[in-house]
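For reference, the structure is listed below as structure tokens.
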Amino acid sequence: MEFKRLKALRAERGMTQKDMAEVLDMNVDTYRKKENGKRDFTLKEVAIAKEKLGVDPDYYFFYVFSNQSVTRGTFTSK
């Protein structure tokens with residue numbers, strides 16, 4: 001999964017991938033792979049992002065677009 005919302009946040013804040021890598025205490029190449037969905041973020045990295053960047057983990061890390069909606073605990077197709 002590509003992290004488009006995380007990329008947008010980084011752009012809004014004028015941060016480079018290197019800046020984000022430093023905040024999350026990782027190598028820039030590792031961050032680049034994670035932002036592009038080639039590697040997963042760890043829960044520790046998500047927690048660091050929440051603490052240092054003040055982001056909502058659900059919105060930036062766990063949101064998955066779906067064409068389904070949830071109604072009373074069941075999944076229905078749109």
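Quick note: the coordinates plus some simple rules give every number you see, no bench work behind them. Everything numeric here is computed off the predicted structure, so don't read it as measured data. All Cβ positions, glycine included, derive from the backbone under ideal geometry; neighbour counts span all protein chains shown.
Once the Cα gyration tensor of the stretch 14-64 is found, what semi-axes does its equivalent ellipsoid get, as square roots of 5 times the eigenvalues, in whole Å, sorted largest first?
Details: eigenvalues 49, 35, 19 Å².
Three semi-axes, in Å: 16, 13, 10.
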Extending each Cα 7 Å along its Cβ direction at Asn27 and Met15, get the distance between those two points in nm, one decimal.
2.1 nm
Quick one: net charge of Tyr31's neighbours, Cβ under 12 Å, K/R +1, D/E -1?
+2
